[in-house]
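The block underneath contains the structure these notes are about, expressed in structure tokens.
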Amino acid sequence: MGDKLITMDRQYREKHYPKGFFAAMAKEGRGSGVALIICGAILAFIGGGILWIVISVAADGGFNISEDMSEVIFFSIVGLIFLIPGLLIIWFGIKRCRTNEDIWLQKSVEASGYPESVMRDFANQALEDGSLKMLLGAARTQGFLTRDYIFFDNLVYPCVIKIEDIAGAYLVQTSYTTNVNNKRVRIYSKNIMVVSNHKTSIMSEADEDTVRQLLDMLTDKNPAIDTEGGRMLSENEYNEKEEMLKKQAQDGIG
């Protein structure tokens with residue numbers, strides 16, 4: 001499934017954002033929180049079940065302490081490996097479900113390094129007619145490009161960047177390895193990565209054509225943005241570029 005770019009209008013806004021931008025983010029967060037609770041409960045159930053079996057067998061004298069201690073320890077560790085992460089995931093899920101729109105607003109303030117008034121301005125612009133909503137990459141990451149801001153949805157790090165503050169925006173190829181039919185296979189993906197002049201950065205997987213389209217839109221709004229001529233950067237090249245731009249920002253050069 002390719003990327004999807006949606007131009008905001010009244011009908012779309014009323015259907016998907018009836019209570020505003022951060023209210024919709026809170027709703028999305030509750031959905032992911034429920035998913036975390038379910039996953040955590042499954043892990044905790046498996047771990048608790050293993051430990052219950054170990055304890056039950058031991059209570060019935062099914063283990064010979066001198067001969068079977070290594071098996072007892074092994075299965076107890078396996079049970080804890082499932083149980084402890086499961087409980088932690090449940091805790092994170094509950095916390096995510098309880099995160100309301102005011103908390104998401106403050107999280108965005110902290111991640112972006114802008115005052116609350118700027119975050120509210122972004123939220124208003126995101127829902128204006130003509131703003132661009134993006135569904136990017138295999139994960140369908142949500143993003144917004146407004147008159148003055150760019151944002152890629154990240155419930156861990158909800159960072160907004162002013163377009164006037166963008167130091168560089170790049171097409172970057174990243175890769176990771178996975179196991180396919182018992183063979184290690186390297187998977188490549190294209191990404192847009194954006195670095196600000198106050199040491200924040202955001203990224204999203206996207207089709208190459210979409211990245212180039214977004215780079216054109218950004219440089220139309222701010223011609224000073226460095227794009228390396230639109231050429232595709234490797235991960236190492238991007239990391240070096242990001243480090244340089246953030247150092248310039250720290251030194252007050254960028």
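Please go through the stretch 221-236 and pick out each residue that is assigned to a helix (DSSP H, G or I) and either on the phi > 0 side of the Ramachandran plot or modelled with pLDDT of 95 or more (or both). Step through it out loud before you land on a result.
Filtering the stretch 221-236 down to residues assigned to a helix (DSSP H, G or I) leaves 221, 228-230, 235-236.
Those that are assigned to a helix (DSSP H, G or I) and either on the phi > 0 side of the Ramachandran plot or modelled with pLDDT of 95 or more (or both): K221, E228, G229, G230.
For the stretch 1-59, enumerate the residues that are closer than 26 Å to S204 by Cα, in contact with a helix residue (DSSP H, G or I) (Cβ under 9 Å, 6 or more places away or on another chain) and of a type in the set (F, W, Y).
Once the filter is applied, which keeps residues that are closer than 26 Å to S204 by Cα, in contact with a helix residue (DSSP H, G or I) (Cβ under 9 Å, 6 or more places away or on another chain) and of a type in the set (F, W, Y), the stretch 1-59 yields Y17, F21, F22.
Rundown of residues vs (1) out of contact with any Leu (no Cβ under 6 Å at 6 or more places or on another chain); (2) touching a residue at least 12 places away in the same chain (Cβ under 8 Å), yes/no style:
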site: D3; (1), (2): no, yes
site: Y12; (1), (2): yes, yes
site: Y17; (1), (2): no, yes
site: G20; (1), (2): yes, yes
site: A24; (1), (2): yes, no
site: K27; (1), (2): yes, no
site: R30; (1), (2): yes, yes
site: A35; (1), (2): yes, yes
site: C39; (1), (2): yes, yes
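In this structure, is R96 modelled with pLDDT under 95 and in a helix (DSSP H, G or I)?
Details: modelled with pLDDT under 95: yes; in a helix (DSSP H, G or I): yes.
Judged against the criteria, R96 is a match.
Within the group D121, D207, which residue is touching an Asp or Glu at 6+ places or on another chain (Cβ under 8 Å), in contact (Cβ under 8 Å) with a residue 60 or more places away in the chain and among the charged types (D, E, K, R)? Steps first, answer last, please.
Numbers: D121 fails: in contact (Cβ under 8 Å) with a residue 60 or more places away in the chain.
Answer to the check: D207.
Select, from L88, L51, the only residue that is modelled with pLDDT of 95 or more and among the hydrophobic types (A, V, I, L, M, F, W, C).
Working: L51 fails: modelled with pLDDT of 95 or more.
When all the criteria are applied, what remains is L88.
Mind checking whether some residue in the stretch 174-186 is under 23 Å from R140 (Cβ atoms), modelled with pLDDT of 90 or more and of a type outside the set (G, A, S)?
yes
Find the residue count for the stretch 221-238, including only residues that are surrounded by 13 or more Cβ atoms within 10 Å (Cβ to Cβ) and not basic (K, R). Let's see the steps before the verdict.
Pass one, the stretch 221-238, residues surrounded by 13 or more Cβ atoms within 10 Å (Cβ to Cβ): 221-222, 225-228, 230, 232-233, 235, 237-238.
If we keep only those that are not basic (K, R) too, we end up with 222, 225-228, 230, 232-233, 235, 237-238.
Qualifying residue count, the stretch 221-238: 11.
Any residue at all in the stretch 81-89 that is in a helix (DSSP H, G or I), open to solvent by less than 80 Å² (accessible area, probe 1.4 Å) and over 30 Å from S56 (Cα atoms)?
no
Name every residue in the stretch 189-220 that is assigned to a helix (DSSP H, G or I), open to solvent by less than 60 Å² (accessible area, probe 1.4 Å) and farther than 20 Å from G137 by Cβ, in order of residue number.
T219
Is it fair to say R186 is at negative phi, more than 16 Å from the chain's Cα centre (by Cα) and not in a helix (DSSP H, G or I)? If you could, list the steps in order and put the result at the bottom.
Values: at negative phi: yes; more than 16 Å from the chain's Cα centre (by Cα): yes; not in a helix (DSSP H, G or I): yes.
Criteria met by R186.
Which members of the stretch 18-35 meet the condition of being over 20 Å from the mean Cα position of the chain (by Cα) and on the phi < 0 side of the Ramachandran plot? Break it down stepwise before answering.
Just the residues of the stretch 18-35 that are over 20 Å from the mean Cα position of the chain (by Cα), to begin with: 18-20.
Within the stretch 18-35, P18, K19 qualify.
A quick yes/no check of all residues on (1) in contact with a Pro (Cβ under 9 Å, 6 or more places away or on another chain); (2) among the hydrophobic types (A, V, I, L, M, F, W, C); (3) open to solvent by 10 Å² or more (accessible area, probe 1.4 Å):
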site	(1), (2), (3)
W104	yes, yes, no
G113	no, no, yes
S117	no, no, yes
Q125	no, no, no
L135	no, yes, yes
A139	no, yes, yes
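Return only the number of the condition from (1) closer than 25 Å to K4 by Cβ; (2) under 24 Å from the mean Cα position of the chain (by Cα) that N239 does not satisfy.
Of everything listed in (1) closer than 25 Å to K4 by Cβ; (2) under 24 Å from the mean Cα position of the chain (by Cα), N239 misses just condition (1).
The values are calculated or read from the model by the stated rules, or taken from the named source; none is laboratory data. Keep in mind the model is a prediction, meaning the values are calculated, not measured. All Cβ positions, glycine included, derive from the backbone under ideal geometry; neighbour counts span all protein chains shown. Areas reflect the complete protein model, heavy atoms only, side chains present, ligands, DNA and RNA absent. Shrake-Rupley method; radii C 1.70, N 1.55, O 1.52, S 1.80 Å.
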